[in-house]
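J.: First the structure, which I've put down as structure tokens, then a few questions once you've had a look.
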Amino acid sequence: MSASPAEMTRTPLYGERAIAEAQLICFDNPRPGRPYEVSIELPEFTCLCPFSGYPDFAVLRLLYQPGPRVVELKAIKLYVNSYRDRTISHEEVANRILDDLVSACDPVWMQLEADFHPRGNVHTVVRVSHGTRQAC
């Protein structure tokens, strides 16, 4: 049964409710014995600077070799959107997202690159990794 327009536009909005309830959902790796890589790009990441409160924008690039579980795409989208109103440094956000993803799916290897848009003539890229990369 689909929601009525009134239900969809009540406060908080349905998208805000989905983001607030976001969980990193994973599913079983369909090829657990084969090394392969999954690449996910999230081009609209936002969070807030812990010093100024100004928004920071970034492209997140996730590259990983699955272990027993694979991250579900809608779940990672909603999870990443949960950072939009958080005050957090570039370094901490990259490390926290990586830690949460590692905890959720237990990858063989994972790398997250947070490529922040320049602000005040400063461009920051934070790259964090976990595990040992295997040849594919």
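The values are calculated or read from the model by the stated rules, or taken from the named source; none is laboratory data. These figures come from a predicted structure and were not determined experimentally. Glycine gets a Cβ as well: all are built from the backbone with ideal geometry, and neighbour counts include every protein chain shown.
J.: Give the residue, chosen from Leu48, Leu63, that is modelled with pLDDT of 95 or more, touching an Asp or Glu at 6+ places or on another chain (Cβ under 7 Å) and under 20 Å from Gly15 (Cα atoms).
T.: Answer to the selection: Leu48.
J.: Just one of (1) within 21 Å of Glu91 (Cβ to Cβ); (2) among the charged types (D, E, K, R); (3) touching a strand residue (DSSP E or B) at 6+ places or on another chain (Cβ under 7 Å) trips up Glu72, so point out which.
T.: With (1) within 21 Å of Glu91 (Cβ to Cβ); (2) among the charged types (D, E, K, R); (3) touching a strand residue (DSSP E or B) at 6+ places or on another chain (Cβ under 7 Å) applied to Glu72, the lone miss is (1).
J.: Kindly indicate which of Leu73, Leu42, Leu62 is of a type in the set (A, V, I, L, M) and within 15 Å of His130 (Cα to Cα).
T.: Numbers: Leu73 fails: within 15 Å of His130 (Cα to Cα); Leu42 fails: within 15 Å of His130 (Cα to Cα).
Checking each option against the conditions leaves just Leu62.
J.: When you scan the range 119-129, do you find a residue that is surrounded by 16 or more Cβ atoms within 10 Å (Cβ to Cβ) and in contact with an Asp or Glu (Cβ under 6 Å, 6 or more places away or on another chain), even just one?
T.: Within the range 119-129 (the criterion being surrounded by 16 or more Cβ atoms within 10 Å (Cβ to Cβ) and in contact with an Asp or Glu (Cβ under 6 Å, 6 or more places away or on another chain)), the answer is yes, since at least one residue qualifies.
J.: Just give me the residues in the range 1-52 being within 25 Å of Cys136 (Cα to Cα), without any contact (Cβ under 8 Å) to a residue 40 or more places away in the chain and out of contact with any strand residue (DSSP E or B) (no Cβ under 7 Å at 6 or more places or on another chain), in sequence order.
T.: Arg31, Pro32, Gly33, Arg34, listed by residue number.
J.: Can you tell me which of Arg119, Arg69, Arg84 is in contact with a Leu (Cβ under 9 Å, 6 or more places away or on another chain), in contact (Cβ under 8 Å) with a residue 24 or more places away in the chain and among the charged types (D, E, K, R)?
T.: Arg84
J.: Here's something else I'd like to know. Could you list, in sequence order, the residues of the range 81-96 that are out of contact with any helix residue (DSSP H, G or I) (no Cβ under 7 Å at 6 or more places or on another chain) and either more than 25 Å from Glu16 (Cβ to Cβ) or not charged (D, E, K, R) (or both)?
T.: Thr87, Ile88, Ser89, His90, Glu91, Val93, Ala94, Asn95
J.: Whether any residue in the range 25-39 is basic (Lys, Arg) and either at pLDDT below 95 or more than 21 Å from Gly131 (Cβ to Cβ) (or both) is what I want to check.
T.: no
J.: Okay, next question. Just for the range 44-62: of the residues that are in contact with a Leu (Cβ under 8 Å, 6 or more places away or on another chain) and not β-branched (Val, Ile, Thr), which one is farthest from Glu113 (Cα to Cα)?
T.: Tyr54
J.: So, one more: Since Ala114 meets every condition but one in (1) more than 20 Å from Glu44 (Cβ to Cβ); (2) among the small types (Gly, Ala, Ser); (3) in a strand (DSSP E or B), which condition does it not meet?
T.: Exception for Ala114: condition (1).
J.: Got a sec? Which strands (runs of 3 or more DSSP E) wholly within the range 1-108 have at least 2 residues that are surrounded by 15 or more Cβ atoms within 10 Å (Cβ to Cβ)?
T.: 38-48, 55-65, 69-71
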